[in-house]
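Structure, as C-alpha coordinates:
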Amino acid sequence: MQIPLKIAEPTPLQDRLQRPLRELRMSVIDRCNFRCTYCMPADSLHGRGIFLPLVKLLTDHEIKDLVQAFVDLGVRKLRITGGEPLVRPGLPGLIQALAAIPKLTDIALTTNGVILPRLADDLAAAGLGRITVSLDTLDEAILDRMSGGKAKLSQILNGISAAESAGFTHIKINTVVQRGVNDHTIMDLLAHFRGSGHSVRLIEYMDVGNCNHWNLTEVVPSAEWIKKINAKWPIRPVQRRTAAETAQRYEYVDGQGEIGLISSISVPFCGGCTRARITADGIFYTCLFANKGTNLMPLVRHNQDRDELRERIRSVWERREDRYSEERGQPGHDQKKVEMYRMGG
Ligand code: SAM
Ligand code: SF4
Ligand code: SF4
(Lines give C-alpha, C1' and ligand atoms only; values in the text may rest on other atoms or scores of the structure.)
(Ligands and ions follow the chains in the order given, each with its own letter.)
Protein backbone atom coordinates (compact mmCIF):
# COMPACT_ATOMS: atom_id res chain seq x y z
CA MET A 1 0.00 0.00 0.00
CA GLN A 2 1.29 3.41 -0.89
CA ILE A 3 1.54 5.83 2.01
CA PRO A 4 0.22 9.25 0.93
CA LEU A 5 2.87 11.93 0.99
CA LYS A 6 2.18 14.55 3.63
CA ILE A 7 2.69 17.96 2.09
CA ALA A 8 4.00 20.34 4.72
CA GLU A 9 2.16 23.66 5.07
CA PRO A 10 4.57 26.46 4.17
CA THR A 11 5.95 28.20 7.25
CA PRO A 12 3.84 31.32 7.77
CA LEU A 13 5.54 34.61 7.13
CA GLN A 14 6.33 36.16 10.51
CA ASP A 15 7.75 39.45 11.69
CA ARG A 16 10.57 39.85 14.22
CA LEU A 17 8.11 39.39 17.09
CA GLN A 18 6.75 36.12 15.58
CA ARG A 19 3.51 37.74 14.46
CA PRO A 20 2.16 36.26 11.20
CA LEU A 21 0.76 38.38 8.37
CA ARG A 22 -2.97 37.61 8.38
CA GLU A 23 -5.03 40.75 7.89
CA LEU A 24 -4.93 43.60 5.41
CA ARG A 25 -6.62 46.99 5.74
CA MET A 26 -6.94 48.54 2.33
CA SER A 27 -7.75 52.22 2.04
CA VAL A 28 -9.50 52.81 -1.27
CA ILE A 29 -9.71 56.62 -1.06
CA ASP A 30 -8.54 59.32 1.34
CA ARG A 31 -11.48 61.67 0.76
CA CYS A 32 -14.52 61.75 2.99
CA ASN A 33 -17.96 63.35 3.17
CA PHE A 34 -17.52 63.93 6.96
CA ARG A 35 -15.03 66.06 8.85
CA CYS A 36 -14.87 64.20 12.18
CA THR A 37 -12.97 66.29 14.70
CA TYR A 38 -10.95 63.28 15.92
CA CYS A 39 -9.89 62.25 12.40
CA MET A 40 -10.10 64.98 9.74
CA PRO A 41 -10.98 68.28 11.43
CA ALA A 42 -12.05 70.83 8.81
CA ASP A 43 -9.60 73.47 10.06
CA SER A 44 -6.66 71.16 9.31
CA LEU A 45 -7.50 70.94 5.61
CA HIS A 46 -6.27 74.35 4.50
CA GLY A 47 -4.58 74.67 1.16
CA ARG A 48 -4.55 72.54 -1.94
CA GLY A 49 -3.11 69.08 -2.29
CA ILE A 50 -4.40 67.67 0.98
CA PHE A 51 -6.16 64.83 -0.81
CA LEU A 52 -4.65 62.55 -3.42
CA PRO A 53 -5.47 63.47 -7.01
CA LEU A 54 -7.68 60.70 -8.43
CA VAL A 55 -4.99 59.63 -10.94
CA LYS A 56 -2.74 58.77 -8.01
CA LEU A 57 -5.22 56.28 -6.57
CA LEU A 58 -4.54 52.62 -7.19
CA THR A 59 -6.88 51.33 -9.89
CA ASP A 60 -9.22 48.41 -9.16
CA HIS A 61 -6.87 46.16 -11.09
CA GLU A 62 -3.86 47.33 -9.09
CA ILE A 63 -5.70 46.85 -5.79
CA LYS A 64 -6.61 43.31 -6.83
CA ASP A 65 -2.98 42.53 -7.70
CA LEU A 66 -1.80 43.92 -4.36
CA VAL A 67 -4.40 42.02 -2.35
CA GLN A 68 -3.55 38.83 -4.26
CA ALA A 69 0.13 39.26 -3.35
CA PHE A 70 -0.77 39.68 0.34
CA VAL A 71 -3.04 36.62 0.18
CA ASP A 72 -0.18 34.63 -1.35
CA LEU A 73 1.84 35.56 1.75
CA GLY A 74 -0.81 34.53 4.29
CA VAL A 75 -3.50 37.24 4.49
CA ARG A 76 -7.00 35.78 4.90
CA LYS A 77 -8.99 38.81 6.10
CA LEU A 78 -9.42 42.05 4.21
CA ARG A 79 -11.00 45.25 5.50
CA ILE A 80 -11.89 47.97 3.01
CA THR A 81 -11.59 51.41 4.54
CA GLY A 82 -10.57 55.01 3.90
CA GLY A 83 -11.36 58.00 4.07
CA GLU A 84 -14.91 57.06 3.30
CA PRO A 85 -14.72 53.98 1.08
CA LEU A 86 -18.23 54.45 -0.32
CA VAL A 87 -17.21 57.69 -2.04
CA ARG A 88 -14.84 55.74 -4.28
CA PRO A 89 -16.60 55.38 -7.65
CA GLY A 90 -17.51 51.79 -8.53
CA LEU A 91 -16.78 50.21 -5.16
CA PRO A 92 -19.13 47.20 -5.71
CA GLY A 93 -17.17 46.27 -8.85
CA LEU A 94 -13.93 46.31 -6.87
CA ILE A 95 -15.47 44.16 -4.12
CA GLN A 96 -16.66 41.68 -6.72
CA ALA A 97 -13.14 41.37 -8.13
CA LEU A 98 -11.66 40.90 -4.64
CA ALA A 99 -14.29 38.34 -3.65
CA ALA A 100 -13.04 36.15 -6.50
CA ILE A 101 -9.58 35.78 -4.89
CA PRO A 102 -9.30 32.19 -3.63
CA LYS A 103 -8.29 31.81 0.05
CA LEU A 104 -9.51 35.31 0.94
CA THR A 105 -12.13 34.11 3.40
CA ASP A 106 -13.39 37.37 4.88
CA ILE A 107 -14.04 40.77 3.26
CA ALA A 108 -15.33 43.52 5.56
CA LEU A 109 -15.97 47.25 5.13
CA THR A 110 -15.87 50.19 7.55
CA THR A 111 -18.09 53.11 6.59
CA ASN A 112 -19.81 56.14 8.06
CA GLY A 113 -22.99 54.66 6.59
CA VAL A 114 -24.68 57.55 4.80
CA ILE A 115 -24.26 56.14 1.29
CA LEU A 116 -25.38 52.64 2.28
CA PRO A 117 -29.02 53.18 1.23
CA ARG A 118 -27.72 53.55 -2.33
CA LEU A 119 -25.06 50.82 -2.28
CA ALA A 120 -25.86 48.14 0.32
CA ASP A 121 -27.65 45.78 -2.09
CA ASP A 122 -24.88 46.03 -4.69
CA LEU A 123 -22.20 45.45 -2.05
CA ALA A 124 -23.99 42.35 -0.78
CA ALA A 125 -24.42 41.03 -4.33
CA ALA A 126 -20.73 41.69 -4.99
CA GLY A 127 -19.68 39.39 -2.14
CA LEU A 128 -18.97 41.75 0.75
CA GLY A 129 -19.16 39.67 3.91
CA ARG A 130 -19.43 42.10 6.81
CA ILE A 131 -20.11 45.77 7.51
CA THR A 132 -19.02 48.09 10.31
CA VAL A 133 -20.83 51.42 10.59
CA SER A 134 -19.34 54.25 12.62
CA LEU A 135 -21.76 56.11 14.88
CA ASP A 136 -20.55 58.08 17.90
CA THR A 137 -23.81 59.19 19.53
CA LEU A 138 -27.58 59.37 19.09
CA ASP A 139 -27.56 63.00 20.19
CA GLU A 140 -28.11 65.09 17.03
CA ALA A 141 -26.26 68.16 18.25
CA ILE A 142 -23.21 66.23 19.45
CA LEU A 143 -23.14 64.13 16.28
CA ASP A 144 -23.24 67.32 14.26
CA ARG A 145 -20.28 68.71 16.20
CA MET A 146 -18.22 65.51 16.10
CA SER A 147 -18.69 65.08 12.35
CA GLY A 148 -17.76 68.66 11.55
CA GLY A 149 -21.36 69.57 10.72
CA LYS A 150 -21.75 66.75 8.19
CA ALA A 151 -23.60 63.86 9.85
CA LYS A 152 -27.36 63.51 10.28
CA LEU A 153 -28.48 60.78 12.65
CA SER A 154 -31.39 59.72 10.43
CA GLN A 155 -29.03 59.18 7.48
CA ILE A 156 -26.73 56.90 9.47
CA LEU A 157 -29.63 54.94 10.95
CA ASN A 158 -31.09 54.61 7.42
CA GLY A 159 -27.70 53.30 6.33
CA ILE A 160 -27.80 50.63 9.02
CA SER A 161 -31.37 49.68 8.02
CA ALA A 162 -30.30 49.45 4.37
CA ALA A 163 -27.46 47.12 5.34
CA GLU A 164 -29.93 44.94 7.30
CA SER A 165 -32.33 44.84 4.33
CA ALA A 166 -29.46 43.81 2.07
CA GLY A 167 -28.89 40.82 4.33
CA PHE A 168 -25.97 41.96 6.49
CA THR A 169 -26.23 40.65 10.05
CA HIS A 170 -24.14 41.22 13.20
CA ILE A 171 -23.25 44.73 12.07
CA LYS A 172 -20.55 46.33 14.20
CA ILE A 173 -21.16 49.89 15.33
CA ASN A 174 -17.86 51.72 15.88
CA THR A 175 -18.09 54.44 18.53
CA VAL A 176 -15.15 56.67 19.35
CA VAL A 177 -15.53 57.92 22.92
CA GLN A 178 -14.17 61.31 23.94
CA ARG A 179 -14.45 62.42 27.53
CA GLY A 180 -16.44 65.61 27.84
CA VAL A 181 -17.70 65.27 24.26
CA ASN A 182 -19.95 62.19 23.86
CA ASP A 183 -19.20 60.01 26.91
CA HIS A 184 -22.43 61.01 28.66
CA THR A 185 -24.47 59.71 25.70
CA ILE A 186 -22.93 56.24 25.46
CA MET A 187 -25.44 54.43 27.69
CA ASP A 188 -28.29 55.64 25.44
CA LEU A 189 -26.43 54.37 22.39
CA LEU A 190 -25.90 50.98 24.04
CA ALA A 191 -29.58 50.84 25.05
CA HIS A 192 -30.58 51.50 21.43
CA PHE A 193 -28.57 48.58 20.05
CA ARG A 194 -29.17 46.08 22.89
CA GLY A 195 -31.17 43.19 21.46
CA SER A 196 -30.72 44.35 17.85
CA GLY A 197 -28.23 41.62 16.91
CA HIS A 198 -25.61 44.31 16.24
CA SER A 199 -22.67 45.01 18.47
CA VAL A 200 -21.41 48.40 19.60
CA ARG A 201 -17.63 48.68 19.96
CA LEU A 202 -16.47 51.49 22.21
CA ILE A 203 -13.13 52.74 20.91
CA GLU A 204 -10.73 54.64 23.11
CA TYR A 205 -9.91 57.91 21.41
CA MET A 206 -6.48 57.33 19.84
CA ASP A 207 -3.46 59.52 19.19
CA VAL A 208 -3.43 58.55 15.55
CA GLY A 209 -2.25 61.27 13.16
CA ASN A 210 -1.53 64.78 14.39
CA CYS A 211 -4.34 67.00 13.17
CA ASN A 212 -6.80 66.01 15.93
CA HIS A 213 -4.55 67.46 18.67
CA TRP A 214 -5.14 64.36 20.78
CA ASN A 215 -4.98 64.70 24.52
CA LEU A 216 -4.88 61.88 27.08
CA THR A 217 -7.42 63.65 29.28
CA GLU A 218 -10.06 62.99 26.61
CA VAL A 219 -9.59 59.21 26.75
CA VAL A 220 -12.08 57.18 28.79
CA PRO A 221 -10.32 53.92 29.77
CA SER A 222 -12.40 50.85 28.93
CA ALA A 223 -12.31 49.70 32.56
CA GLU A 224 -14.67 52.58 33.38
CA TRP A 225 -17.18 51.27 30.84
CA ILE A 226 -17.02 47.72 32.10
CA LYS A 227 -17.92 48.95 35.59
CA LYS A 228 -20.63 51.31 34.46
CA ILE A 229 -22.30 48.96 31.99
CA ASN A 230 -22.11 46.03 34.39
CA ALA A 231 -23.92 48.06 37.05
CA LYS A 232 -26.85 48.64 34.69
CA TRP A 233 -26.87 45.50 32.53
CA PRO A 234 -24.63 42.73 33.93
CA ILE A 235 -22.02 41.62 31.39
CA ARG A 236 -19.41 38.85 31.23
CA PRO A 237 -16.31 38.46 29.04
CA VAL A 238 -16.46 36.36 25.89
CA GLN A 239 -13.48 34.19 24.96
CA ARG A 240 -11.36 35.74 22.19
CA ARG A 241 -11.65 33.85 18.90
CA THR A 242 -8.04 34.67 18.00
CA ALA A 243 -5.16 36.58 19.60
CA ALA A 244 -5.44 39.07 16.73
CA GLU A 245 -8.90 40.33 17.74
CA THR A 246 -8.77 44.07 18.42
CA ALA A 247 -11.84 44.16 20.68
CA GLN A 248 -12.31 42.56 24.09
CA ARG A 249 -15.85 41.22 23.76
CA TYR A 250 -18.48 41.10 26.51
CA GLU A 251 -22.00 39.68 26.41
CA TYR A 252 -25.05 40.86 28.29
CA VAL A 253 -25.97 38.21 30.83
CA ASP A 254 -29.65 38.65 29.94
CA GLY A 255 -28.97 37.50 26.37
CA GLN A 256 -29.37 40.90 24.72
CA GLY A 257 -26.19 40.57 22.67
CA GLU A 258 -22.55 41.64 22.74
CA ILE A 259 -20.42 44.73 23.00
CA GLY A 260 -16.72 45.24 22.25
CA LEU A 261 -14.10 47.42 23.87
CA ILE A 262 -11.13 48.57 21.81
CA SER A 263 -8.58 49.73 24.33
CA SER A 264 -5.55 50.74 22.31
CA ILE A 265 -4.54 53.24 24.99
CA SER A 266 -5.28 51.45 28.28
CA VAL A 267 -4.77 47.79 27.24
CA PRO A 268 -2.52 47.73 24.14
CA PHE A 269 -2.77 44.63 21.97
CA CYS A 270 0.39 44.82 19.82
CA GLY A 271 1.41 41.26 20.75
CA GLY A 272 -1.36 39.82 18.58
CA CYS A 273 -1.23 42.40 15.81
CA THR A 274 -1.20 40.66 12.42
CA ARG A 275 -2.42 43.66 10.40
CA ALA A 276 -0.84 45.32 7.38
CA ARG A 277 -2.18 48.54 5.91
CA ILE A 278 -2.07 50.04 2.42
CA THR A 279 -3.00 53.60 1.52
CA ALA A 280 -5.09 54.45 -1.53
CA ASP A 281 -1.88 55.35 -3.41
CA GLY A 282 -0.10 52.12 -2.54
CA ILE A 283 2.04 52.90 0.52
CA PHE A 284 2.41 49.82 2.74
CA TYR A 285 2.53 50.45 6.51
CA THR A 286 3.09 47.88 9.23
CA CYS A 287 1.50 49.92 12.06
CA LEU A 288 -1.36 52.41 12.42
CA PHE A 289 1.05 54.81 14.08
CA ALA A 290 3.95 54.43 11.65
CA ASN A 291 5.52 57.45 10.06
CA LYS A 292 7.42 55.58 7.35
CA GLY A 293 6.01 53.24 4.75
CA THR A 294 7.06 51.38 1.63
CA ASN A 295 5.76 52.54 -1.72
CA LEU A 296 4.40 49.51 -3.59
CA MET A 297 2.89 51.56 -6.43
CA PRO A 298 5.95 51.22 -8.71
CA LEU A 299 5.75 47.45 -8.29
CA VAL A 300 2.12 47.21 -9.43
CA ARG A 301 1.90 50.03 -12.00
CA HIS A 302 3.85 49.36 -15.23
CA ASN A 303 5.43 46.25 -13.73
CA GLN A 304 4.11 42.75 -14.16
CA ASP A 305 6.69 41.00 -11.97
CA ARG A 306 4.55 39.68 -9.12
CA ASP A 307 7.49 37.78 -7.57
CA GLU A 308 9.25 41.10 -7.02
CA LEU A 309 6.11 42.52 -5.39
CA ARG A 310 5.78 39.53 -3.06
CA GLU A 311 9.46 39.65 -2.15
CA ARG A 312 9.24 43.34 -1.24
CA ILE A 313 6.23 42.72 1.01
CA ARG A 314 7.91 39.71 2.56
CA SER A 315 11.13 41.59 3.34
CA VAL A 316 9.21 44.48 4.95
CA TRP A 317 7.11 42.15 7.10
CA GLU A 318 10.14 40.10 8.16
CA ARG A 319 11.78 43.28 9.47
CA ARG A 320 8.65 44.50 11.28
CA GLU A 321 8.97 45.19 14.99
CA ASP A 322 6.25 47.84 15.55
CA ARG A 323 4.55 47.95 18.93
CA TYR A 324 3.67 51.62 19.17
CA SER A 325 0.77 51.29 21.62
CA GLU A 326 2.90 49.32 24.05
CA GLU A 327 5.66 51.91 23.84
CA ARG A 328 3.39 54.97 23.91
CA GLY A 329 4.76 57.76 26.05
CA GLN A 330 8.35 56.55 25.93
CA PRO A 331 10.95 59.00 24.63
CA GLY A 332 11.05 59.18 20.83
CA HIS A 333 7.40 58.20 20.42
CA ASP A 334 5.95 61.65 19.89
CA GLN A 335 6.76 61.24 16.20
CA LYS A 336 4.90 62.86 13.34
CA LYS A 337 2.36 60.28 12.22
CA VAL A 338 0.30 59.66 9.12
CA GLU A 339 -3.31 60.85 9.39
CA MET A 340 -5.96 58.15 9.97
CA TYR A 341 -7.92 59.10 6.85
CA ARG A 342 -4.76 58.54 4.75
CA MET A 343 -3.56 55.41 6.50
CA GLY A 344 -6.99 53.76 6.62
CA GLY A 345 -8.65 53.02 9.96
N1 SAM B 1 -14.91 56.71 7.07
C2 SAM B 1 -15.12 55.41 7.57
C3 SAM B 1 -15.70 55.45 8.97
O4 SAM B 1 -15.62 56.50 9.62
O5 SAM B 1 -16.23 54.43 9.39
C6 SAM B 1 -13.88 54.53 7.54
C7 SAM B 1 -12.57 55.18 7.88
S8 SAM B 1 -12.40 55.70 9.57
C9 SAM B 1 -10.78 56.37 9.56
C10 SAM B 1 -12.24 54.14 10.40
C11 SAM B 1 -12.56 54.13 11.86
O12 SAM B 1 -11.57 54.87 12.55
C13 SAM B 1 -13.89 54.76 12.22
O14 SAM B 1 -14.67 53.86 12.98
C15 SAM B 1 -13.51 55.96 13.05
O16 SAM B 1 -14.45 56.25 14.04
C17 SAM B 1 -12.19 55.51 13.63
N18 SAM B 1 -11.33 56.62 14.07
C19 SAM B 1 -10.95 57.70 13.37
N20 SAM B 1 -10.15 58.51 14.10
C21 SAM B 1 -10.01 57.91 15.32
C22 SAM B 1 -9.30 58.24 16.51
N23 SAM B 1 -8.57 59.35 16.62
N24 SAM B 1 -9.38 57.38 17.54
C25 SAM B 1 -10.11 56.23 17.46
N26 SAM B 1 -10.78 55.87 16.36
C27 SAM B 1 -10.74 56.70 15.29
FE1 SF4 C 1 -14.38 60.44 7.52
FE2 SF4 C 1 -14.34 58.18 8.86
FE3 SF4 C 1 -12.49 60.06 9.33
FE4 SF4 C 1 -14.98 60.51 10.07
S5 SF4 C 1 -13.65 58.89 10.85
S6 SF4 C 1 -13.65 61.95 8.95
S7 SF4 C 1 -16.14 59.47 8.52
S8 SF4 C 1 -12.71 58.94 7.47
FE1 SF4 D 1 -0.63 46.93 15.67
FE2 SF4 D 1 0.74 49.22 15.73
FE3 SF4 D 1 -1.71 49.10 16.81
FE4 SF4 D 1 0.34 47.86 18.00
S5 SF4 D 1 0.11 50.05 17.71
S6 SF4 D 1 -1.73 47.01 17.65
S7 SF4 D 1 1.53 47.19 16.22
S8 SF4 D 1 -1.18 48.82 14.63
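The values are calculated or read from the model by the stated rules, or taken from the named source; none is laboratory data. It should be emphasised that the depicted structure is a prediction, and the values quoted were computed from it without experimental measurement. Every residue, glycine as well, gets a Cβ built from its backbone with ideal geometry; the counts of neighbours run over all protein chains shown. The area values use the complete protein model at the heavy-atom level, side chains included, leaving out ligands, DNA and RNA. Shrake-Rupley method; radii C 1.70, N 1.55, O 1.52, S 1.80 Å.
Between residue 76 and residue 170, 0.36 nm times their residue separation minus their Cα-Cα distance comes to what? Please list the in-between numbers first.
Details: separation 94, 0.36 × 94 = 33.84 nm, distance 1.98 nm.
Contour length minus Cα-Cα distance gives 31.9 nm.
Expressed in whole Å with the largest first, what are the equivalent ellipsoid semi-axes of the stretch 224-345 derived from the C-alpha gyration tensor as the square root of 5 times each eigenvalue?
Value: 36, 18, 13 Å, ordered largest first.
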In the stretch 140-223, GluC sites (Glu not before Pro) in a DSSP loop with at most 15 other beta-carbon atoms within 10 Å = none
Heavy-atom accessible area per residue - the chain, 1.4 Å, Å² = 47
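When only DSSP loop residues count, what GluC sites (Glu not before Pro) in the stretch 250-322 have their Cβ near at most 12 other Cβ atoms within 10 Å?
Details: sites: 251, 258, 308, 311, 318, 321; in loops: 321.
Taking the stretch 250-322 and a limit of 12 other Cβ atoms within 10 Å, the loop GluC sites (Glu not before Pro) found are 321.
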Can you tell me the 0 to 90 degree angle between the C-alpha axis of helix 116-126 and the longest principal axis of the chain, rounded to 10?
-> 30
Overall Cα dimensions of the chain, principal axis frame, Å, largest first | 62, 61, 49
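Rounded, prolate or oblate: which fits the stretch 195-269, taking a ≥ b ≥ c as square roots of the Cα gyration tensor eigenvalues, rounded meaning a/c under 1.5, else prolate when a/b beats b/c? Working shown, then result.
Values: a/c = 2.25, a/b = 1.70, b/c = 1.32.
Prolate shape, in that a/c is at least 1.5 and a/b is the bigger ratio.
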Might you work out the accessible area of residue 245 for me, using a 1.4 Å probe with all protein chains in place, and round it to the nearest 10 Å²?
-> 30
Just report the Cα centroid separation between the stretch 258-282 and the stretch 101-120, whole Å.
-> 19
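Within the stretch 12-56, report the trypsin sites (Lys or Arg not before Pro) that DSSP leaves as loop and that have at most 13 other Cβ atoms within 10 Å. Walk me through the intermediate numbers first.
Details: sites: 16, 22, 25, 31, 35, 48, 56; in loops: 16, 22, 31, 35, 48.
Those that pass, being in a loop and sparsely packed, are 16, 48.
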Starting from one equal scatterer on each C-alpha and no solvent at all, send me the Debye-based log10 I(q)/I(0) for the stretch 12-163 at q = 0.08, 0.14, 0.15, 0.17 Å⁻¹, two decimals.
-> -0.26, -0.76, -0.85, -1.03
Between residue 320 and residues 5 or more places away or on another chain, which pairs have amide H atoms under 5 Å apart, with H built 1.01 Å from N, and which residues are they?
-> 16
Carbon and sulfur atoms: what percent of the 1.4 Å accessible area of the chain do they account for?
-> 52
Partnerless Cys - the chain, beta-carbon criterion under 4.7 Å | 32, 211, 270, 273, 287
